[in-house]
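Below is one structure; the comments refer to it alone.
Read-outs throughout are calculated quantities, based only on the coordinates presented, and are distinct from any laboratory measurement. Source: prediction; values computed, not measured. Here the Cβ positions follow ideal geometry from the backbone for every residue, glycine too, while neighbour counts run over all protein chains shown.
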Amino acid sequence: MILSQPAPSMAFAPVQAMLMQSAVDIMPDWAKDMHGLNLPRITAPLIRKGTMTIAQTLRWAFAQQRQPPSARTPSMPAIGQRSSSPVRL
């Protein structure tokens with residue numbers, strides 16, 4: 001039921017498929033057998049590498065939010081904060 005959910009968009013479909021296969025890959029063998037979700041063993045390294053690539057991309061995308069305010073560019077306010085300097089036109 002969860003593995004057959006449609007993707008929210010066509011762009012997200014490959015990512016969702018990779019993450020669902022990765023979820024099956026980390027299940028114990030007895031659970032895979034119980035649900036009939038056996039994947040070919042040759043695909044496991046590809047699934048793991050693809051999932052690691054997705055995770056590294058997400059870490060990179062959210063890295064800016066983890067930096068302390070002093071490490072950010074002074075001209076750009078932090079997300080959700082207003083600039084203390086008045087706007088000049």
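Observations on the model:
- Being small (Gly, Ala, Ser) and surrounded by 12 or more Cβ atoms within 10 Å (Cβ to Cβ) is a description that applies to residue 55.
- Within the stretch 21-70, tally of residues that are over 24 Å from residue 4 (Cβ atoms) and of a type in the set (Phe, Trp, Tyr): 2
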